[in-house]
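K.L.:
Before anything else, here's the structure in question.
The values are calculated or read from the model by the stated rules, or taken from the named source; none is laboratory data. A quick note: this is a predicted structure, and the numbers were derived from the prediction, not measured. Cβ atoms come from the backbone with ideal geometry, glycine included; neighbour counts cover every protein chain shown.
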Amino acid sequence: MTLERDKMIRDLKGLIDIPSISSDKAAVEEALDYVLKLGEQMGMRCEKVADGQVGIIEIGQGDETFGILTHVDVVNAGREELWKSPPFACEVRDGNLYGRGAIDDKGPTVAVLHAMGAAMENGKPFHKTVRLIVGTQEETEWTDMDCYTKHYSLPDYGFTPDGDFPIGNVEKGCMDVTLRFPAALVDEAPLQIVGLEAGTAFNIVPDNCSALLSDGRVIVTEGKAVHTCAPEKGENAIFQMPGLLEGVTPNGFSQVLEMVTEFFSDCTAPKLGLRTKEEYFAGEFIHRTVFTPVLITTSGSFVEVGINVRFAYTTTEDELLDVFNRLCQEYGGEVAGITSLPAVFVSRNTPFLEVLSATYEESTGFPPDFVLGYGGSYAKAMPGIVSFGPILPGMKDCCHEENEYIPLKALEKNCEIYYRAIEGIAQCEKSFRR
């Protein structure tokens with residue numbers, strides 16, 4: 001393949017420089033328009049659909065469609081003072097490209113786009129349509145994919161470059177739960193908590209927690225923010241707060257802190273009584289269900305706690321709701337909100353995965369194993385989708401962290417792998433439908 005390395009880096013820098021945090025709809029639209037313009041400049045078919053929330057970039061032709069799902073929205077920058085360079089002013093140093101979205105998912109988006117461009121130029125005929133589906137709300141409520149899947153045709157199979165190599169054919173489910181408890185105060189208490197706040201998003205381990213005391217003081221704890229798919233890699237600031245509250249009169253706020261610490265300081269939450277019985281299903285590793293308290297907010301006379309759950313394939317949403325209802329009943333609260341996305345299980349015998357396996361092995365020299373996806377990706381959005389990169393063996397997964405980056409060599413290797421996948425599937429006469 002012919003790779004325009006410098007142009008790929010320029011294209012990615014331009015995309016990262018757009019602060020497309022999911023909640024900033026104007027910036028997200030700007031990022032989507034930027035990617036569509038890149039596709040148009042390469043001679044691809046481009047359009048915006050799903051009420052402007054999704055971009056479609058296509059090459060090739062044929063009744064069979066090979067889908068690639070990416071997203072241009074990002075999480076917030078976290079604590080900007082910890083960044084060595086501005087999160088939305090992309091910088092290349094020491095062989096790495098730094099900026100929010102470098103690995104999740106702007107870098108892979110640009111790598112796929114350039115892989116598609118290289119496939120257009122290799123002189124081989126296409127026997128299938130390649131459709132790059134670019135979303136804008138992956139980090140939040142998935143309104144983009146909800147609209148797309150209801151009103152537009154789905155690809156026959158495909159991948160999302162939003163996980164680990166080799167192939168993520170199994171992915172945990174994801175649930176965001178909001179629990180509401182009375183923030184009861186104690187009359188004439190000399191010192192008590194009157195307000196609690198923690199966290200910034202459901203998919204980030206909170207690196208901050210603050211308790212407002214009745215004498216006006218604010219106690220602050222700090223942790224380390226990481227993606228909630230692997231909370232053990234970070235430090236949850238909520239768990240540090242109870243140890244700093246000596247001499248504070250117990251009340252509704254302190255009870256919530258004690259409850260959160262007691263039940264969730266072990267991320268598998270054994271005291272909830274829902275430990276996954278087996279870590280394997282049909283020969284595939286599915287891990288265990290993991291719980292992370294991520295948000296605490298004070299709202300009037302109530303305190304709300306947000307819990308992010310990454311549940312194993314054999315755990316049901318009804319089982320999770322049942323344990324949360326029982327917990328709330330014990331502490332006088334209620335389940336105030338819940339959203340969930342299903343776990344993913346794609347058989348490793350699915351035909352197109354043979355090509356992805358061969359492509360990965362030829363490009364890297366590593367065995368093409370199948371892996372569990374701990375995070376939530378667009379693989380959940382439609383049938384027959386697996387995660388495929390961008391994280392290579394030995395590479396740090398720093399998505400959602402301060403100083404997020406992608407090594408330039410990894411960016412190039414991603415582009416090579418995706419090019420070979422497009423060539424091996426879309427430029428092959430064989431059908432890969434089941």
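K.L.:
Would you be able to tell me the number of residues in the range 385-413 that are in contact (Cβ under 8 Å) with a residue 60 or more places away in the chain and touching a Phe, Trp or Tyr at 6+ places or on another chain (Cβ under 9 Å)?
P.N.:
The qualifying residues number 15.
K.L.:
Further question on the same structure: Against the condition under 30 Å from Gly223 (Cα atoms) and surrounded by 22 or more Cβ atoms within 10 Å (Cβ to Cβ), how does Tyr419 come out, does it pass?
P.N.:
Spelling it out, it is not the case that Tyr419 is under 30 Å from Gly223 (Cα atoms) and surrounded by 22 or more Cβ atoms within 10 Å (Cβ to Cβ).
K.L.:
Answer yes or no: is there a residue in the range 220-236 that is polar (S, T, N, Q), closer than 30 Å to Gly67 by Cβ and in a loop (DSSP other than H, G, I, E, B).
P.N.:
Going residue by residue through the range 220-236, those that are polar (S, T, N, Q) are 221, 228, 236.
Applying the additional criterion that residues be closer than 30 Å to Gly67 by Cβ yields 228.
Subsequent filtering for residues that are in a loop (DSSP other than H, G, I, E, B) retains 228.
Yes - at least one qualifying residue is present in the range 220-236.
K.L.:
Just checking, how many residues over the range 229-280 are surrounded by fewer than 16 Cβ atoms within 10 Å (Cβ to Cβ) and on the phi > 0 side of the Ramachandran plot?
P.N.:
2
K.L.:
Right, another one. Output the qualifying pairs, or none if there are none: Cβ atoms under 7 angstrom, residues six or more apart or on different chains, first residue in the range 245-263 and over 20 Å from Leu179 (Cα atoms) and in contact (Cβ under 8 Å) with a residue 40 or more places away in the chain, second residue among the small types (Gly, Ala, Ser) and surrounded by fewer than 19 Cβ atoms within 10 Å (Cβ to Cβ).
P.N.:
Cβ pairs passing all conditions: Thr249/Ala189.
K.L.:
List pairs: first in the range 369-384 and assigned to a strand (DSSP E or B), second buried (at least 23 other Cβ atoms within 10 Å of the Cβ) and among the acidic types (Asp, Glu), Cβ under 8 Å, 6+ apart or cross-chain?
P.N.:
These pairs meet every condition: Leu372/Glu171; Gly373/Glu171.
K.L.:
Still on this model: Tell me, please, whether a residue that is among the small types (Gly, Ala, Ser), assigned by TED's automatic domain parsing to the domain that holds Ser299 and within 20 Å of Arg310 (Cα to Cα) can be found in the range 202-222.
P.N.:
no
K.L.:
Those residues that are buried (at least 18 other Cβ atoms within 10 Å of the Cβ), within 11 Å of Val134 (Cα to Cα) and of a type outside the set (A, V, I, L, M, F, W, C), I need them from the range 30-74; list them, please.
P.N.:
Those that are buried (at least 18 other Cβ atoms within 10 Å of the Cβ), within 11 Å of Val134 (Cα to Cα) and of a type outside the set (A, V, I, L, M, F, W, C): Gln53, Gly55, Gly67, Thr70, His71, Asp73.
K.L.:
Based on what the data block shows, is Glu222 more than 19 Å from the chain's Cα centre (by Cα) and within 30 Å of Ile406 (Cα to Cα)?
P.N.:
So Glu222 passes the test.
K.L.:
Still on this structure, please answer the following. List every residue pair whose Cβ atoms sit under 8 Å apart, with the two residues 6 or more apart in sequence or on different chains, where the first one lies in the range 137-157 and is assigned to a helix (DSSP H, G or I) and the second, anywhere, is modelled with pLDDT of 95 or more and of a type in the set (Ser, Thr, Tyr).
P.N.:
These pairs meet every condition: Asp144/Thr136; Met145/Tyr378.
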